[in-house]
1. Beyond a 24 Å Cα-Cα separation, which of these cross-linked pairs lie in this structure: A:LYS163/B:LYS46; A:LYS69/A:LYS162; A:LYS69/B:LYS17?
2. For chain A, what relative contact order do you get, as a whole percent, if you take Cα pairs closer than 8 Å and at least 6 residues apart?
3. At 0.36 nm per residue, and after removing the present C-alpha to C-alpha distance, how many nm does the segment from A:VAL158 to A:HIS177 gain when stretched out fully?
4. So how far apart, in nm, are the two label points at A:THR309 and B:ASP50 if each is 7 Å from Cα heading toward Cβ?
5. Across peptide A:163-175, what mean number of C-beta atoms from other chains lies inside 10 Å of a residue's C-beta?
6. Lys/Arg Cβ at +1, Asp/Glu Cβ at -1, dipole of segment A:311-411 taken about the Cα centre: which of A:HIS362, A:PRO347, A:ALA400 is farthest positive-ward?
7. Under the classification rounded if a/c is under 1.5, otherwise prolate if a/b is larger than b/c and oblate if not, where does chain A fall, given a ≥ b ≥ c as square roots of the Cα gyration tensor eigenvalues?
8. Report the extension gain between A:ALA120 and A:GLU36 in nm, rounded to one decimal, defined as 0.36 nm multiplied by the number of residues separating them, less their alpha carbon distance.
Amino acid sequence: MGGEAAGAVAAVFREEHGRLLAVLVRRFGDLDLAEEAASEALEAALVHWPVRGVPDRPGAWLLTTARRKAVDRLRRDQAYAARLAVLQAETDRAAPPAVDEGADIPDERLRLFFTCAHPALPAEARGALMLRCLAGLTTPEAARAHLVPQATMAQRVVRAKKKIREARIPFRVPEPHELPARLPGVLQTLYSLFTEGYAASSGPDLQRPDLAEEAIRLTRVLRRLLPAERETTGLLALMLLTHARRAARTAPDGGLVLLEDQDRTLWDRALIEEALPLLPPALAGGPAGPYAVQAAIAALHAEAPTFATTDWPQIVALYDVLSALAPSPLVALNRAAALAMRDGPGPALLLLDALGAELHAHHPYHAARADLLARLDRRAEAADAYRRALALAGTDPERAHLRRRLHAVDP
Amino acid sequence: MVCGAVPHGTMGVRTVKYMLLIQAGAVDAEGGAEGCDVQDWMEYDKSVQDAGIYVSGESLADLVSATTVRVGADGERTVVDGPFAETREVLGGFYVIDVPDLDAALDWAARCPGSRGGGSVVVRPVADFGA
């Protein structure tokens, strides 16, 4: 009974935490007070719910309790209250209190997304704040998710909160004219969480919260809050399509499986089905953004029965669009790999050789070059390029993969 | 541009003082900031005054006139010429403004002519020991 109720509390709390915190921050203008009140409300729920049962509207119960806890704290701590009092008056005047006690928690999370991803905060703190404030992860959970020591994560969060408080980073949704400058930072933070989930996927801790899934969950929320922003839709589609390949990316021995060797029956069809209808709205109605274009590329892979029968001409064309939108040596590298499939390894190798100055310290560059040389049967040069890639590769699965390739050209 | 046009100084709205430290990107042979258009600065200064957010501000004389003082543990005073313009960025002046939040301060920093042409503006809240 106790365990069951505790599980119910945890589930409700994780779901409601972001909303709860956002409303409390709006009401009191202070992240620390809001967090403290939210966690005290959870403790109260852990005491009362097992005895009295889970209330009909758990979110509203938590909010009422949390507001009471916050007011108690302000009564006890007059200096703190004085510091926040004027702030409170300001918030109240800005809009009538959005909360009526019977209703579920109103959704004020958008302002939290923008505060957590504020450009004045260090990049590594932005994702941590989002996990904590919006995804409801505790600091130890966020530390495990990022594979950093708990003390490091705690320090990041404390410093970021100190900066929010002392530099007075506001809790507000940017005006429409500011969105083009501010939204990319929010999307970048979400995408970094997502890709970090992949980088960390070979770690030893099975209990680790799944960063990629948290990032997808938060992006779904953001899309509901900002339905007209097409890049948010594009980012969600890109994440879903990438995540769909997850089971096929890793061999049973933990080794890396490249797209061309993946067992496509392992791809998660449900995620692909969710992603595909997102593409038309992400791509239509004006110039497409870089996430939408990357999602379109991922969709062509998702729809192809095999690597060889993929629509390579279309993929090269999309990389041309992406190169114009967000030019980078890595985009050029991917474009060359697609071009090798369309036009053969010879022309692609010429493109790669031109990128050498920018990418010589980047192991995927040498691996891609080695693959093309191998296909051209220039084995000695291929072996040399694989060795360079091996010297630069960062993780064991990547090195194992490269050793296999090297062995094939230099047995 | 409406940035910074948030009502300020209104009763009850807490504002924060920020110092905008104006760093000149390049310094000429005399230690003065390069590419300094007097007209732009006058317009900026007027808009800060008109917005009612001005607390204080000064433009610093050329770096060749700077002198550095240090006092050692033994109480001995060292006075040297400089610092010289070897450092890439040189403090050329500052404003202290009183605005509602960091976003408003960043908008005013971005409007400042000192943020252009290789220069930058560092935005720092003034410590508040009052509350």
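1. On the way: A:LYS163/B:LYS46 30 Å; A:LYS69/A:LYS162 22 Å; A:LYS69/B:LYS17 31 Å.
Over 24 Å Cα-Cα: A:LYS163/B:LYS46; A:LYS69/B:LYS17.
2. Numbers: 503 pairs, mean separation 40.4, N = 411.
Once normalised by length, the contact order is 10 percent.
3. Working: separation 19, 0.36 × 19 = 6.84 nm, distance 3.13 nm.
Working it through step by step, the gained length comes to 3.7 nm.
4. 6.8
5. On the way: counts 2, 1, 1, 6, 9, 13, 4, 6, 1, 3, 0, 1, 3.
Mean partner-chain Cβ count within 10 Å for A:163-175: 4.
6. Of the listed residues, the answer is A:ALA400.
7. Details: a/c = 2.29, a/b = 2.05, b/c = 1.12.
Taking the square roots of the gyration eigenvalues as a ≥ b ≥ c, chain A is prolate.
8. Values: separation 84, 0.36 × 84 = 30.24 nm, distance 2.42 nm.
Full extension of this stretch gives 27.8 nm more.
Where a number appears in this text, it was derived from the coordinates with a stated rule and is not lab data. Predicted, not measured: the structure shown is a model, and the values here were computed from it. Cβ: placed from backbone, ideal geometry, glycine included. Neighbour counts: every protein chain shown.
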